[in-house]
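The values are calculated or read from the model by the stated rules, or taken from the named source; none is laboratory data. Bear in mind the structure is a predicted one, so any value in this text is a computation, not a measurement. No Cβ is skipped: glycine too gets one built from the backbone with ideal geometry, and neighbour counts run over all protein chains shown. Note: areas computed on protein heavy atoms with side chains; ligands, DNA, RNA excluded. Shrake-Rupley method; radii C 1.70, N 1.55, O 1.52, S 1.80 Å.
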Amino acid sequence: MDLHQLQVFRSAALNNSFTKASADLHISQSTVSLHIKHLEGELGCPLFIRVGRRAVLSPAGELLVVHAEKIFRDVKNAE
């Protein structure tokens with residue numbers, strides 16, 4: 001897991017959408033999907049439940065978003 005993957009995950013989580021995350025991050029939707037897929041594979045669990053065009057956090061995703069927010073807060077504080 002790297003900070004870029006975590007940033008993509010966080011954006012998708014906040015937007016409940018891979019498409020909106022791609023617009024926010026100025027990357028393609030397929031790139032967002034690929035980052036999430038790799039992160040899920042690395043962690044061994046689904047982070048989102050896909051509901052139509054929406055991406056709802058799974059229980060593991062809800063836990064990771066809490067940690068991601070702390071990590072980005074700590075990075076900002078360190079800067």
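Sort Thr19, Thr31 from largest to smallest accessible area, using a 1.4 Å probe on the heavy atoms of the protein chains.
If we order Thr19, Thr31 from most to least accessible, we get Thr19, Thr31.
Work out the length of the dipole vector of the chain about its Cα centre, built from +1 on the beta-carbon of each Lys and Arg and -1 on the beta-carbon of each Asp and Glu, and round it to the nearest 20 debye.
With only Lys, Arg, Asp and Glu charged at Cβ, the dipole is about 320 debye.
Using only helices, what value at 222 nm comes out for the chain when you add -39,500 (n - 2.57) per DSSP H run of length 4 or more and divide by the total residues, to the nearest 500 deg cm²/dmol?
-23000 deg cm²/dmol
Let me check I have the definition right: for the chain, take the eigenvalues of the Cα gyration tensor, multiply each by 5, take square roots. What are those semi-axes in whole Å, largest first?
That gives 19, 15, 12 Å for the three semi-axes.
Just subtract the alpha-carbon distance of Asp74 and Gln5 from 0.36 nm times their residue separation and send over the number in nm, one decimal.
Additional length available on full extension: 23.2 nm.
Report Asp74's accessible area, 1.4 Å probe, all protein chains in place, as a number in Å² to the nearest 10.
70 Å²
Given a 1.4 angstrom probe, what's the average accessible area per residue across the range 6-70, in square angstrom?
Using a 1.4 Å probe on heavy atoms only, each residue of the range 6-70 averages 57 Å².
What do you reckon, how do Glu40, Glu62, Glu69, Glu79 stack up by accessible area (1.4 Å probe), largest on top?
Reading off the accessible areas and sorting them downward yields Glu79, Glu62, Glu69, Glu40.
For the chain, what % of the accessible area comes from carbon and sulfur atoms, probe 1.4 Å?
57 percent
Just to confirm the filter: which trypsin sites (Lys or Arg not before Pro) across the range 37-70 are DSSP coil and have at most 11 other Cβ within 10 angstrom of their Cβ?
Passing both the DSSP loop test and the Cβ count: Arg53.
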